[in-house]
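Trainee: Here's a structure for you.
No lab work stands behind these numbers, since they all come straight from the coordinates. Being a predicted model, the structure only gives us computed values, none of them experimental. So basically every Cβ, Gly included, is an ideal-geometry build from the backbone, and we count neighbours across all protein chains shown.
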Amino acid sequence: MEMPVQCSRCGDLIELNDSHPSDYENPITGSQVECEPCHRKAEKDTEETGADTCACGTTLGVCSCGFPRCHRCDPVGTSEGDSCPAPAEERHVPDPEHLTLGDLVMRLNSVDRTKQLPVGFRNPHSYRGYYEDLGFELARDITVGEVLDAAESAVDAVFTAWKGGDYKMGRSTPVWLVAEEGRTGESLGAVLLELMLAQEADRG
């Protein structure tokens, strides 16, 4: 691989010559290129749903996945349906700084695995606030490697929600932080992640 770059949508490494320009800029890497499968998916969804809104009416500019269907309708970028399964009153739009699981994995992969963090997170699970989203429990005295392992283990994993039902997590799934599984918490954004990674463990 002569010039590897990361797809802005799925995070896979691809050769620059095999990439396509993307209208989606990854908030972590700044990448604006996409792999062939993501390029075909984006073109197909644009033809089906139009480039301005998701099928449910959500403005695409606030979607974390970058595809014409917002993450509520197509959380892992694979469904072929054209309507949102959730009632309108139950839909929510994540904060623009709300990281996806793919964003999280990419950022953690760029940090020394042995770095010790006073506060990090582990134990991925279906988030109680929005079952199709991913939650992590806060953890103390943990390495970046342990946090990364927890995040990578959640990619394409299926979790059982608080009140039942199984939910598959993908790279475009939003992530949350909670004190313990079964509770609601706060969204994990780029700023909060950088503050966590900037911490220095107490060596005293």
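Trainee: Please compute the modelled spin-label separation between Asp166 and Ala139, points set 7 Å along Cα→Cβ, answer in nm with one decimal.
Mentor: It is 2.5 nm.
Trainee: Okay, next question. Report the gain in length on full extension from Asp112 to Ala157: 0.36 nm times residue separation, minus Cα-Cα distance, nm rounded to one decimal.
Mentor: Contour length minus the Cα-Cα distance gives 13.7 nm.
Trainee: Can you list the residues, at least 5 places off or on another chain, whose amide H is less than 5 Å from the amide H of Ser8, using H built in the peptide plane?
Mentor: Val33, Glu34, Cys35
Trainee: Using a Förster radius of 30 Å, what is the FRET efficiency between Thr184 and Gln32 based on their Cβ-Cβ separation? Nearest 0.05, please.
Mentor: The formula returns an efficiency of 0.35 here.
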